[in-house]
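Have a look at the structure below, then the notes.
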Amino acid sequence: MIIPVRCFTCGKLIGDKWEEFARRVKMGENAGDVLDSLGIKRYCCRRMLLSHVEIIDEVLRFYEETEKRREARGYYYRE
Amino acid sequence: MEIEVLEKDDKNIRLLVRGVDTPFMNALRRNILAEVPCMAIDEVVIIENSSVLHDEIIAHRLGLIPLKTDLESYNLPEECSCKSEFGCNLCRVTLTLDREAKDGTVTVYSGELVSENPNITPVSDKIPIIKLAKGQKLRLEAYARLGKGKIHAKWQPVSMCAYKHMPQIKIDAKNCDACGRCVEICPKKVLAKNGDKIEIRDLLACTLCQDCVDVCPKEPPAIEVGWEKNTFIFNLESTGVLPPERILEEALKILDKNLEEFAKQIEVQKT
């Protein structure tokens with residue numbers, strides 16, 4: 001759903017590194033090099049970021065859409 | 001016992017320890033993992049939560065956030081003089097969070113947790129706690145307390161704590177013809193070829209995998225990998241709650257205390 005706070009296996013803090021990782025990989029950098037520069041050495045922590053999918057963004061789209069419709073309806077009734 | 005610091009920064013420490021045996025190193029490691037106390041959120045009162053995650057998931061995420069620990073000012077709740085289930089100012093810290101997504105989707109970060117004690121704050125301000133869509137609200141009160149790793153892994157002050165034997169590589173110069181196969185196969189690149197000789201480049205990186213011995217075409221092999229008895233390389237990586245040298249110090253103090261207690265128990269049994 002959302003990036004886990006810590007590595008499942010060793011307990012290293014990885015939550016705060018996700019946004020930088022995702023941004024830099026999207027910019028076209030090599031994922032392995034980004035992980036190295038973030039200081040994530042062990043493969044247990046590396047897979048946390050490599051294999052993560054931020055599904056919460058997909059879920060939130062439904063709520064954003066509902067909110068938009070609610071606003072639109074309010075606008076219509078006010079007329 | 002002789003200790004040499006090989007590497008050190010604000011989160012990691014690497015030591016070379018000479019003249020101790022395996023049981024001692026293991027006792028030290030297990031004490032660091034299970035007995036050194038640190039701060040973590042333990043109880044959460046959710047006042048309002050209209051986000052997409054359940055209360056329990058948010059509470060769990062909050063619990064895993066490492067908090068900077070002040071061992072001098074706080075007591076373990078079970079040893080605190082207040083003897084209260086709810087804790088007092090000496091064994092509990094309250095953190096609050098109040099956030100509403102007013103315009104558009106927002107991410108709530110650990111930096112938005114307001115602590116009653118400015119010294120007890122999350123190690124990093126950039127840990128996402130949750131994402132809120134427009135109109136969603138999250139209000140909660142969290143209680144952090146000291147605890148030990150043996151109760152829950154969130155109270156472990158380290159994310160890595162391990163020791164290994166000091167490797168010892170012997171190359172028989174007379175038998176070796178420097179074919180270079182051992183240099184190629186070594187996964188940690190410990191060896192290097194220098195002219196017609198094989199040299200050790202980085203001894204500490206050796207994992208004692210013996211691949212170089214197996215690949216050597218000579219019979220018996222011209223390379224021998226062993227380890228020094230009673231010499232260890234000790235690695236420690238803190239989660240940031242306490243500086244690594246402080247963790248070691250605390251672990252030794254606790255080990256001393258437990259051993260004293262053990263000796264006392266033996267005395268009681270005898271009489």
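Bear in mind that the values in this text are calculations on the coordinates, not laboratory data. What you see is a predicted model, and the numbers here were worked out from it, not measured in a lab. Heads up, the Cβs are rebuilt from the backbone with ideal geometry, glycines too, and the neighbour counts pull from every protein chain shown.
The table that follows gives values for the structure above.
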item	result
Amide H within-cut-off set for B:CYS38, under 5 Å, with H built and near neighbours excluded	B:GLY147
GNM top mover of B:GLY63, B:GLY19, B:GLY87 - chain B, alpha-carbon springs below 10 Å	B:GLY19
Candidates A:VAL25, A:VAL59, A:VAL34, ranked by Gaussian network fluctuation over chain A, Cα under 10 Å, top entry	A:VAL59
Alpha carbon centroid spacing (whole Å) that separates the range A:4-79 from the range B:19-39	36
For chain B, the spread of Cα positions along each principal axis, largest first, Å	76, 67, 26
Proximal charge balance of A:THR66 [Cβ under 12 Å; K/R count +1, D/E count -1]	+2
Distance in nm between pseudo-label sites at B:ARG30 and A:SER37 (7 Å out along the Cβ direction from Cα)	4.4
Contour minus Cα-Cα distance for B:ASN89 and B:TYR143 (0.36 nm per residue)	18.3 nm
Shape call, the protein assembly as shown: gyration tensor on alpha carbons, a/c limit 1.5	oblate
The range B:44-73-the range B:161-192 distance, computed between alpha-carbon centres (Å)	48
The range B:216-266 - convex hull of alpha carbons, volume per residue in Å³	162
Amide H within-cut-off set for B:ILE129, under 5 Å, with H built and near neighbours excluded	B:VAL108, B:TYR109, B:SER110
Fluctuation leader among A:GLU64, A:GLU29, A:GLU20 - chain A, Gaussian network, Cα springs under 10 angstrom	A:GLU64
Within-13-Å neighbourhood charge of B:CYS182 [Cβ basis; K, R +1; D, E -1]	+1
Förster-model FRET efficiency, 30 Å R0, B:LYS170 and B:GLU4, C-beta, rounded to 0.05	0.85
Which of B:TRP155, A:TRP18, B:TRP227 has the fewest Cβ neighbours within 10 Å, and the rest in rising order	B:TRP227, A:TRP18, B:TRP155
With 10 Å bins from 0: P(r) over the range B:38-154, alpha-carbon pairs, percent	14, 46, 29, 10, 1
All-pairs Cα distance distribution in chain A, expressed in whole percent, bin size 5 Å	3, 14, 21, 17, 11, 8, 7, 6, 6, 4, 3, 1, 0
Computed E for B:TRP227/B:GLU261 - FRET, C-beta separation, R0 30 angstrom, nearest 0.05	0.35
Fewest-first sequence of A:ASP57, B:ASP211 by Cβ atoms within 10 Å of each Cβ	A:ASP57, B:ASP211
Cβ-based exposure ranking for B:CYS209, A:CYS44, in which fewest neighbours within 10 Å come first	B:CYS209, A:CYS44
